[in-house]
Amino acid sequence: MAIGDEHVFRQHESEAPAVIGADYIAEREGVEPTTAYLPSKRVLKQDTEVTLDLRRLADGRLAVLAYSSLDSLVACCGELQPWASLPMDKVEEIQRRSGADLVLWDARLPEEQRNDGEEEARQ
């Protein structure tokens, strides 16, 4: 899993190699698994867990936001949005484990919810 915060990347080399599922097939075939990027709360070096940034929709449903590329996440959430990446086939598991009702892919956040640093500039 890679974790990003303000364009700083860390690779976690302590993970065991995949032995089942899409990751295993991709590794066996020499192909990188397709990656999803999820907005998260700020991650610090000492953190051992990542808290994802879920969104409550106008109709009351809870959504996991997922992005098909880092460029899409930045364009839709803002340049200062912390994020976490994981294999795309794990997003449904994240939805299930978080209790979210759905996954929204590549959803553009309203300007007032974006993490662009604009708010700090206005203060």
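Amide H to amide H distances under 5 Å link A107 with A66, where only residues 5 or more positions off or on other chains count and H is placed in the peptide plane.
Ligands, DNA and RNA left out, the accessible area of segment 52-108 computed with a 1.4 Å probe is 48% carbon and sulfur. Rolling a 1.4 Å probe across the protein heavy atoms gives segment 52-108 an accessible surface of 51 Å² per residue.
Across segment 52-108, Cα-Cα pairs farther apart than 16 Å form 39% of the total.
The amide H of S40, built 1.01 Å from its N in the peptide plane, has D53, W83, A84 as neighbours under 5 Å, considering only residues 5 or more places off or on other chains.
The values are calculated or read from the model by the stated rules, or taken from the named source; none is laboratory data. Worth saying up front: this structure is predicted, and the values here are computed from it rather than measured. For accessibility, only protein heavy atoms count, side chains too; no ligands or nucleic acids. Shrake-Rupley method; radii C 1.70, N 1.55, O 1.52, S 1.80 Å.
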